[in-house]
Amino acid sequence: MKDLIEIRWHGRGGQGAKTASLLLADAAFNTGKYIQGFPEYGPERMGAITAYNRISDNPIRIHSNIYEPDYVVVVDDTLLETVNVTAGLKQDGAIIINTTKSEEEIKRVLSNYKGNIYTIDARKVSLETLGKYFPNTPMLAAIVKVSEIMNDDDFLEDMKGSFAHKFAKKPEVIEGNMKALELALHEVSKIQ
């Protein structure tokens, strides 16, 4: 892992981008990393939310929004047309998009970005494993896979404990969420 990894999340209210960024921060912290995870809300964003993560092996002394992320996670592909999701995104980084759009459509919309592009159909993953559309769980697994912040087994083990705590009053949803993570780790794919 690089000394400091910065991630920016783009989603809409209610899609769980903030929750996913906080779960990622917790998982990284539990593997011994220094972390930051925080959201940004803005009235001008028309229901859009931006969340951020910083993850490092060393103490983090920066306390600001992230303007040049290593990774961008787009939870809602309609934001590709309305928000400059690649603003400041490093060319040696990557963008991960929840979408069913074709590679050609994605490349057209992101024609100014020359870095790595990954996609996942988080709707399909969540409907198959949870029975409802919750894109944040598959997107959380996708960023872990692409960024290699931690290995898959450590991530899944940590999330099992995290979900047991988070869903203590609804233990019946833990298995579906774990299956969503596992499936997403295999479903995320790179656009060539």
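The values are calculated or read from the model by the stated rules, or taken from the named source; none is laboratory data. Keep in mind that this is a model prediction, so the values were computed, not measured. Methodologically, a virtual Cβ is constructed for each residue, glycine included, from the backbone with ideal geometry; neighbour enumeration extends over all protein chains shown. These area figures cover heavy atoms from the full protein model, side chains too; ligands, DNA and RNA do not enter into them. Shrake-Rupley method; radii C 1.70, N 1.55, O 1.52, S 1.80 Å.
Would you be able to tell me the number of residues in the range 95-107 that are free of Cβ contacts under 8 Å to residues at least 60 places away in the same chain and either touching a His at 6+ places or on another chain (Cβ under 6 Å) or closer than 16 Å to residue 52 by Cβ (or both)?
So the answer is 1.
Which strands (runs of 3 or more DSSP E) does the range 1-90 wholly contain that include 3 or more residues that are charged (D, E, K, R)?
Strands (runs of 3 or more DSSP E) meeting the threshold: 4-12.
Which one is most open to solvent (accessible area, probe 1.4 Å) among residues in the range 162-183 that are over 15 Å from residue 131 (Cα atoms) and under 19 Å from the mean Cα position of the chain (by Cα)? Taking the candidates together, the pick is 166.
Only helices (runs of 4 or more DSSP H) whose full extent lies in the range 119-192 are considered here, and the ones with at least 2 residues that are at pLDDT below 95 and of a type in the set (Asp, Glu) are 152-166. Only one entry of 121, 154, 158 meets the criterion of being of a type outside the set (A, V, I, L, M, F, W, C) and in contact with a Pro (Cβ under 9 Å, 6 or more places away or on another chain), and that entry is 121. Is it the case, given these coordinates, that residue 41 is closer than 23 Å to residue 134 by Cβ, among the aromatic types (Phe, Trp, Tyr) and either surrounded by fewer than 17 Cβ atoms within 10 Å (Cβ to Cβ) or modelled with pLDDT of 95 or more (or both)? Judged against the criteria, residue 41 is a match. Checked against the criterion of being modelled with pLDDT under 90 and under 15 Å from the mean Cα position of the chain (by Cα), the candidates 17, 25 yield just one match: 17.
Considering only residues in the range 97-118 that are part of a helix (DSSP H, G or I) and among the aliphatic types (A, V, I, L, M), the one that is farthest from residue 176 (Cα to Cα) turns out to be 109.
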